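The values are calculated or read from the model by the stated rules, or taken from the named source; none is laboratory data. Note that the structure is predicted; figures quoted are calculated from it, not measured. In this analysis, Cβ positions are derived from the backbone assuming ideal geometry, glycine residues included, and neighbour counts consider all displayed protein chains.
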Amino acid sequence: MMNKSDAVVIRGLRVTRGRTAVFDALDLTIPRGQITGLLGPSGCGKSTLIRSIVGVQTVAGGQVTVFGEPAGSPGLRHRVGYDTQTASVYADLTVRQNLGYFARVVSAPRADVDRVLDQVGLRAQADQRVSDLSGGQLNRASLAVAMLGAPELIVLDEPTVGLDPLLRAELWTVFRSLADAGATLLVSSHVMDEALRCDRLVLMRAGRIVADTDPGRLLADTGQSDPDAAFLALVERDIAAHGDPAHPRSRREARGEAAS
C-alpha cells in the first residue's frame, strides 16, 4: 500500500533480457522531497530500474507505482521529468528553441523557458545552437528540458557522467535547489563520491539492492571514511552472501541451487 510520503513504490519487480533475469522480485520505495542516489557500477541495472519507473521498460512481473498510479500512466505525463543518458535535445536548434518545443509538448507555460534557463545557468547560451555547446552545457540543456512544467519527480540517468568536478558540483547545486523547493529527485551515478550529496542512497550490484541507507549510515555501518571504500566493503559482503555472478563457478553453483 502506498504511503502519502512515498513518490515511488516498487514491489516484486521482474525484468528479463532474453533468458537472463535483470531483476527478480525487486522491492524499493522512494520518498518524496528528497534526493535519492541510485549508485553502482555500470551494468548493475540502474538504467533498467529508471526506465521501469518512468514506464518505458517492458517488465515481466511486479508493480511499479508512481504517485499512486501505475508507472507510465497518462496522468503522470506532467508530473514526471526524465533526463536520459543521451542528451534529449535537437542539435540543429538553439537551446531556447528546444525548450520552447518541449514546453509545448508537456503543455508548460511559456514563462517556464526562462525559468529553467536561469535554474540551469544557460541564459547566456539561450540562442546558441545545441551543436555549439560544450559537454557540460549540453547536459544542462537536457536537464532543463526535464524540468519544464515543474515536475514533482525528476529522474536523471547519470546526468554528470564525463563532466569535470567543477561542472558536476554546479549541477548538484541545481539538484539541491530543486529538492529544497519540494521536488523528488532520483539521480543515478557510478561516481561514488556523489553519494555524499544525496539524502538517501540505494546501492546496487548485479541487479540487487545491496544497501538502502543514507550517507552517514553508509560510512558508519561499513567503518569506512569514504564512499568508494564503503561500497567495496558492501560488495565483499554481497559476494560472501550470494557469490559473484561474473564468476563461472558462482553461476554454476547458482544453477545447481536452483535445480535442487
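Filtered by the rule that a residue be charged (D, E, K, R) and either at pLDDT 95 or above or under 18 Å from E152 (Cα atoms) (or both), the stretch 12-45 gives R14, D27, R32. Can you find even one residue in the stretch 132-154 that is closer than 22 Å to L93 by Cβ and of a type in the set (D, E, K, R)? The answer is yes; a qualifying residue exists. The set of residues in the stretch 129-164 being modelled with pLDDT of 85 or more and more than 30 Å from V9 (Cβ to Cβ) consists of R129, V130, S131, D132, L133, S134, Q137, L138, R140, A141. Give the residue that is farthest from L153 (Cα to Cα), with candidates limited to residues of the stretch 188-245 that are small (G, A, S) and crowded, with 19+ Cβ neighbours inside 10 Å. Out of the qualifying residues, it is A230. If you go through the stretch 69-106 and keep only what is over 23 Å from S188 (Cα atoms) and free of Cβ contacts under 8 Å to residues at least 24 places away in the same chain, you end up with P74, G75, Q97, G100, Y101, R104, V105.
Consider V54 carefully, then state whether it is touching a residue at least 60 places away in the same chain (Cβ under 8 Å), in contact with a helix residue (DSSP H, G or I) (Cβ under 9 Å, 6 or more places away or on another chain) and not small (G, A, S).
Working: touching a residue at least 60 places away in the same chain (Cβ under 8 Å): yes; in contact with a helix residue (DSSP H, G or I) (Cβ under 9 Å, 6 or more places away or on another chain): yes; not small (G, A, S): yes.
So V54 fits the description; yes.
Looking at this structure, is G33 at positive phi, outside any strand (DSSP E or B) and surrounded by 13 or more Cβ atoms within 10 Å (Cβ to Cβ)? Against the criterion (at positive phi, outside any strand (DSSP E or B) and surrounded by 13 or more Cβ atoms within 10 Å (Cβ to Cβ)), G33 qualifies.
Okay, residues lined up against (1) farther than 25 Å from G55 by Cβ; (2) surrounded by fewer than 18 Cβ atoms within 10 Å (Cβ to Cβ); (3) among the basic types (K, R):
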{"residue": "T86", "(1), (2), (3)": "no, yes, no"}
{"residue": "V105", "(1), (2), (3)": "no, yes, no"}
{"residue": "A108", "(1), (2), (3)": "no, no, no"}
{"residue": "Q128", "(1), (2), (3)": "yes, yes, no"}
{"residue": "N139", "(1), (2), (3)": "no, no, no"}
{"residue": "V161", "(1), (2), (3)": "no, yes, no"}
{"residue": "A183", "(1), (2), (3)": "no, no, no"}
{"residue": "L186", "(1), (2), (3)": "no, no, no"}
